[in-house]
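Visitor: The structure is given below, and queries will be raised subsequently.
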Amino acid sequence: MKKKRTIKDITRMKEVGEKITMLTAYDASFARLLDSAGVDVLLVGDSLGMVLLGYESTVPVTMDEMIHHAGAVKRGTENALLVGDMPFMSYQVSIVEAVRNGGRFLKEAGCDAVKLEGGIEVSETVQALVRAGISVMGHIGLTPQTAGQLGGYRVQGKDAESARKLLADARALEKAGAFGVVLECIPDSLAGLITESLTIPTIGIGAGVNCDGQVLVTHDLLGMFDVVPSFVKKYANLAPQMKEAVALFMEEVRSGQYPDDEHSFSMKVDAQTLLAEKDDT
Ligand code: KIV
């Protein structure tokens, strides 16, 4: 029987060199599928803004939207560690607001932990969250909520100065009490260096093989979008299969092939007789 993953389990996985798997989920049906497949961590990412809600970035995503989806994911999750992503402006204005919003993920949605973007500049916030009993995962490198300030969606930490800054950010997050850190879009050798210098696990996305674990947006790996970032490997190509299924449904409805007898209900009496009886009264 599978057992509920805890933060202790995730920490132990780094200690024994067992790779950690993390995927995004935004609703109960996907959560159920991924959880039953045995994924270690489910992230209710603010990427839901683009993946599900049709926004152009993660910036417009609200706390209420995150809580709504995180609650749905919780209802489909039995074993995975559940992490809720703090949306833009839910933790930047003040530490008090950050703790209040972080607490909502645990109290209202049933998450085990929260994730937030940033390094040294959010370390005091991370400390306050952890002190309040809210476990935190950090996120550095390409941080989508502030991609504009980083010059767009591009690889970070390529030169010595920015690489040193990322290493310092990772250390500050560990010192502040984060239990793990996502490394997004950084060179694999830098990810390796950060991974070696931390006791907490690193989870890479576009950060090479040297991390303690890997995360992807589930819809990307399943091939539900035509265009995906270059680091994404499509493990399935569902978009054409879904379109084909829908086209076949339309064809069969239009030709009267669907629904056939197998997919219809029958009556115990003959419908014509029933009508005749009714006319008699
Ligand atoms: O929002 C998200 O889905 C993320 C991951 C891809 C790391 O932050």
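The numbers here are math on the coordinates, done by the rules we state, and not lab data. As the structure is a computational prediction, the values presented were derived from the model and not from experiment. Every residue, glycine among them, receives a Cβ derived from its backbone with ideal geometry; neighbour counts consider all protein chains shown.
Visitor: Name the GluC sites (Glu not before Pro) in the stretch 191-281 that are in a loop by DSSP and that have at most 14 other C-beta atoms within 10 Å, would you?
Guide: none
Visitor: Let me ask something else about it. What's the magnitude of the charge dipole for the chain around its Cα centre, counting Lys and Arg as +1 and Asp and Glu as -1 at the beta-carbon? Answer in Debye, nearest 20. List each step's numbers first, then the result.
Guide: Working: 28 positive and 38 negative charges, 269 e Å.
In total the dipole reaches around 1300 debye.
Visitor: How large, in Å, is the stretch 46-134 by the Kirkwood hydrodynamic radius built from its alpha-carbon pairs?
Guide: Every distinct Cα pair counted, the radius reaches 13.2 Å.
Visitor: Still on this structure: So how compact is the stretch 7-240: Cα radius of gyration and Dmax in angstrom?
Guide: 16.2, 48
Visitor: In 5 Å bins starting at 0, how do the alpha-carbon pair distances of the stretch 160-281 split up by percent?
Guide: 2, 9, 13, 11, 9, 8, 7, 5, 5, 5, 5, 5, 5, 3, 3, 3, 2, 1, 0
Visitor: Per residue of the stretch 201-213, what does 6.51 cos²θ - 1.76 cosθ + 1.60 with θ = phi - 60° give for ³J(HN,Hα)? Whole Hz please, x for Gly and Pro, Karplus curve as stated.
Guide: Going residue by residue, I get x, 9, 10, x, 9, x, 10, x, 8, 7, 8, 6, x Hz, with x marking Gly and Pro.
Visitor: How large is the helix-only mean residue ellipticity at 222 nm for the chain, computed as the sum of -39500 (n - 2.57) over DSSP H runs with n ≥ 4, divided by its residue count, in deg cm²/dmol to the nearest 500?
Guide: -12500 deg cm²/dmol
Visitor: Taking the 0 to 90 degree range and rounding to the nearest ten, how far is the long axis of helix 188-197 tilted relative to the main principal axis of the chain, both from C-alpha atoms?
Guide: Value to nearest ten degrees: 70.
Visitor: Amide H neighbours of ASP40 under 5 Å, counting only residues 5+ apart in sequence or on other chains, H built in-plane at 1.01 Å?
Guide: THR21
Visitor: Moving to a separate point now. What does the net charge come to around ALA70 if you take all other residues with beta carbon closer than 12 Å to its beta carbon, with K and R at +1 and D and E at -1?
Guide: Working: positive: LYS74, ARG75, ARG104, LYS107, LYS115; negative: ASP27, ASP46, ASP64, GLU65, ASP85, GLU108, ASP112.
Summing Lys and Arg as +1 and Asp and Glu as -1 gives -2.
Visitor: Hey, what did the stretch 7-240 get for relative contact order, percent, Cα under 8 Å, at least 6 apart? It would help to have the intermediate numbers written out before the result.
Guide: Values: 480 pairs, mean separation 39.8, N = 234.
Rounded, it is 17 percent for the stretch 7-240.
Visitor: Next up: With the crude spin-label approximation of a point 7 Å out along Cα→Cβ, what separation in nm comes out for ALA239 versus ALA160?
Guide: 4.2 nm
Visitor: Which order, highest average first, do 143-156, 175-188 follow once you tally other Cβ atoms within 10 Å for each residue and take the mean per peptide?
Guide: The packing order, highest mean first, is 175-188, 143-156.
Visitor: With θ set to phi - 60°, apply the Karplus curve 6.51 cos²θ - 1.76 cosθ + 1.60 along the stretch 119-129 and write out the HN-Hα couplings as whole Hz, x wherever there is a Gly or Pro.
Guide: Couplings: x, 3, 5, 10, 5, 5, 5, 4, 4, 5, 4 Hz.
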